[in-house]
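The values are calculated or read from the model by the stated rules, or taken from the named source; none is laboratory data. Keep in mind the model is a prediction, meaning the values are calculated, not measured. Ideal geometry is used to build each Cβ from the backbone, glycine not excepted, and the neighbour counts take in all protein chains shown.
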Amino acid sequence: MILIRGGRVYDPAGDTDRPAIRDVLIENDVIVSITTPDADHETKQRVEAEAVRGVGQVIDARDTLVLPGFVNAHYHSYDTLAKGLIEDAPFDLWALQTQPAYYGRRSKAELRLRTLLGAMECLKGGITTVQDMCTLVPQDEETLDTIAAAYAEVGIRVVFALALRDLGDLDIAPFLPTDLSPAVRRAVTGSPRDAAEDLAFAEAQIRRLPSSGLWHWGVAASGPQRASDALLEGVSALSERYELPIFTHVYETRAQAAKARRIYGPHGGSMIRHMDAVGLLGPRTTLAHGVWIAPDEIATIARAGATVAHNPLSNMKLKSGVAPIRALKAEGVGLALGCDNCSCGDCQNMFQGLKMFCLLAGVADPEPTGVHALDAIEAATLGGARALGLGGVIGALAPGRQADISLVRLDTLAFTPFNSAARQLVFSETGAGVDTVLVGGRVVVRGGRLTMLDETAIRAEIEDVMPAFRLDFEGLRRTSLEAAPAFIEALRRLDKVDIGLERHLARR
Ligand SMILES: [Zn+2]
């Protein structure tokens, strides 16, 4: 057993400024009790005696805030090695440099290390679960097994989903000039895939590596506009058959909204109503981004009981616009929070996301938004857990829930003076104060250091695979530079397309 003794245990229904001091008792992977320090003396003494013999463990949590582990509800593990390589690129030019298909087959060492790197950064920042929307290149069992083994090695909880798409065109393709160079044309067109084959592969993997322990499955379409109806219906059917959450990118950019107006004519140009028609919109669905959702679509999402995973850092870095968080909250849409790719936020840090969740909601008008620190924390914990189909399993500290827990130090300048645990967590903490992290009852970070693997050794191994990665990246950067004038021309054209709403602010 593990006893986490004397920490301030965060309870959203309790005092969130000065959470009560409690002891948390864990047996195997589950929280068994949360009690006042003077309660259940016998059991606690027994755990202490066991700890002396090295059987159990007592974690002194004085001067720490004990939190449910964060849920990174939208993340891609495939480009963690591209951290710091891209700047000032609008979404579509960024996509030209980061999509796995452009990179082709990677070495097994690179697959393992990139998966470890993203997970290590998450764990050290108190993220205990990631939703990895991953693209396998090549799409085979060996590639998947290498990634799954890396997740087991690092000890993070993952809800893994293969991001399927059968239409190759980039979102911006219809708005580009026609005189593109062959290299840019090839990249823009991509290559179509066979929906039935990809769905069969996904189903075979769900059956071959069933959800167990820290490994969970979801299903994903990369984006409704990147998939045929057959693929979207197939994803929905898989979700039904195996009771799995559905993830998809929705309305991330103005180009996607403009394209929706063109291709979803029968549904009034609405991607949301199209999703509804193919069975992709329901309580199991999470829409990543949702920047360019129209007000009437927000009501449809709310009625369907779907979640929006907000990715403020990526939306800002890729110039995608500002998601209508205030309106989504007001309509009662479930909200989750993600850090998205490492190449479009350059970190997996939920604290940056928490702060932006609140601040970005306030850039549109001068009134109070009603989007507060407690909302941000809920999105990063229970909201994310619900989105990932684990609403009764993680996301809160309570008996019966999985012991996915982080301890954040309160004896730091971020919490001095100690006015409000919740507000200082969101607005003052950077992640530097994350001291201890447990996933499924296993201590994976202690004293700010990873326990499952040797960080120094992994960093050295990463340097070994980087020359090959950088070489391929340079090739893609050249294509992107070549494509830039045409893409910027397309963005200017798009700007003139009336899509009935605006998500870029303070322009003129
Ligand atoms: Zn994404």
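What number of residues within the stretch 478-499 are assigned to a helix (DSSP H, G or I) and surrounded by fewer than 17 Cβ atoms within 10 Å (Cβ to Cβ)? If you could, list the steps in order and put the result at the bottom.
Initially, the stretch 478-499 is screened for residues assigned to a helix (DSSP H, G or I), giving 478-496.
Subset that is surrounded by fewer than 17 Cβ atoms within 10 Å (Cβ to Cβ): 478, 481-482, 484-485, 488-489, 492-493, 495-496.
Residues in the stretch 478-499 being assigned to a helix (DSSP H, G or I) and surrounded by fewer than 17 Cβ atoms within 10 Å (Cβ to Cβ): 11 in total.
Yes or no: residue 166 of a type outside the set (Lys, Arg), modelled with pLDDT of 95 or more and within 16 Å of the ligand (Cβ to nearest atom)? Steps first, answer last, please.
Numbers: of a type outside the set (Lys, Arg): yes; modelled with pLDDT of 95 or more: yes; within 16 Å of the ligand (Cβ to nearest atom): no.
Judged against the criteria, residue 166 is not a match.
Filtering the stretch 322-338 down to residues that are not in a loop (DSSP other than H, G, I, E, B) and not basic (Lys, Arg), which residue is farthest from the ligand (Cβ to nearest atom)? Even if it seems obvious, please write down each step before you answer.
Kept after step one, since they are not in a loop (DSSP other than H, G, I, E, B), are these residues of the stretch 322-338: 325-330, 334-337.
When the remaining residues are screened for being not basic (Lys, Arg), the result is 325, 327-328, 330, 334-337.
On the way: 325: 17, 327: 22, 328: 18, 330: 25, 334: 18, 335: 16, 336: 13, 337: 13 Å.
Residue satisfying both the conditions and the ranking: 330.
List pairs: first residue in the stretch 323-346 and in the same structural domain as residue 372 (by TED's automatic domain parsing) and over 19 Å from residue 222 (Cβ atoms), second residue buried (at least 24 other Cβ atoms within 10 Å of the Cβ) and modelled with pLDDT under 95 anywhere in the structure, Cβ distance under 7 angstrom, at least six positions apart or on different chains.
325/361; 326/361
Within the stretch 339-353, how many residues turn out to be surrounded by fewer than 24 Cβ atoms within 10 Å (Cβ to Cβ) and assigned to a helix (DSSP H, G or I)?
Going through the stretch 339-353 one residue at a time, the tally reaches 1.
Return a yes/no flag: does the stretch 108-118 have any residue that is closer than 16 Å to residue 344 by Cα, touching a residue at least 12 places away in the same chain (Cβ under 8 Å), assigned to a helix (DSSP H, G or I) and within 16 Å of the ligand (Cβ to nearest atom). Even if it seems obvious, please write down each step before you answer.
We begin by selecting, within the stretch 108-118, every residue closer than 16 Å to residue 344 by Cα; these are 114, 117-118.
After this cut, where a residue has to be touching a residue at least 12 places away in the same chain (Cβ under 8 Å) as well, the list is 114, 117-118.
Filter once more, so that each one left must be assigned to a helix (DSSP H, G or I): 114, 117-118.
Checking the rest, the ones that are also within 16 Å of the ligand (Cβ to nearest atom) come to 114, 118.
The answer is yes, given that some residue of the stretch 108-118 is closer than 16 Å to residue 344 by Cα, touching a residue at least 12 places away in the same chain (Cβ under 8 Å), assigned to a helix (DSSP H, G or I) and within 16 Å of the ligand (Cβ to nearest atom).
Condition first: within 15 Å of the ligand (Cβ to nearest atom) and buried (at least 21 other Cβ atoms within 10 Å of the Cβ). Can you find one or more residues in the stretch 139-159 that meet it? Give the derivation first.
Initially, the stretch 139-159 is screened for residues within 15 Å of the ligand (Cβ to nearest atom), giving 159.
Remaining after also requiring buried (at least 21 other Cβ atoms within 10 Å of the Cβ): 159.
The answer is yes, given that some residue of the stretch 139-159 is within 15 Å of the ligand (Cβ to nearest atom) and buried (at least 21 other Cβ atoms within 10 Å of the Cβ).
If we only count helices (runs of 4 or more DSSP H) wholly inside the stretch 4-106, which ones have 2 or more residues that are in contact with a Lys or Arg (Cβ under 9 Å, 6 or more places away or on another chain) and surrounded by fewer than 19 Cβ atoms within 10 Å (Cβ to Cβ)? I'd like the intermediate steps shown before the answer.
On the way: elements: 41-52, 91-98, 100-103.
Once the helices (runs of 4 or more DSSP H) in the stretch 4-106 are filtered for at least 2 residues that are in contact with a Lys or Arg (Cβ under 9 Å, 6 or more places away or on another chain) and surrounded by fewer than 19 Cβ atoms within 10 Å (Cβ to Cβ), nothing remains.
Is it the case that residue 284 is over 22 Å from residue 170 (Cα atoms), crowded, with 18+ Cβ neighbours inside 10 Å and basic (Lys, Arg)? First the steps, then the outcome.
Numbers: over 22 Å from residue 170 (Cα atoms): yes; crowded, with 18+ Cβ neighbours inside 10 Å: yes; basic (Lys, Arg): yes.
It is true that residue 284 is over 22 Å from residue 170 (Cα atoms), crowded, with 18+ Cβ neighbours inside 10 Å and basic (Lys, Arg).
Does the stretch 440-455 contain at least one residue that is modelled with pLDDT of 95 or more, part of a helix (DSSP H, G or I) and not assigned by TED's automatic domain parsing to the domain that holds residue 152?
The answer is yes, given that some residue of the stretch 440-455 is modelled with pLDDT of 95 or more, part of a helix (DSSP H, G or I) and not assigned by TED's automatic domain parsing to the domain that holds residue 152.
Go through (1) within 16 Å of the ligand (Cβ to nearest atom); (2) touching a helix residue (DSSP H, G or I) at 6+ places or on another chain (Cβ under 6 Å); (3) over 19 Å from residue 436 (Cβ atoms); (4) among the aliphatic types (A, V, I, L, M) one by one and return the number of the condition residue 71 breaks.
Just one mismatch for residue 71, condition (3).
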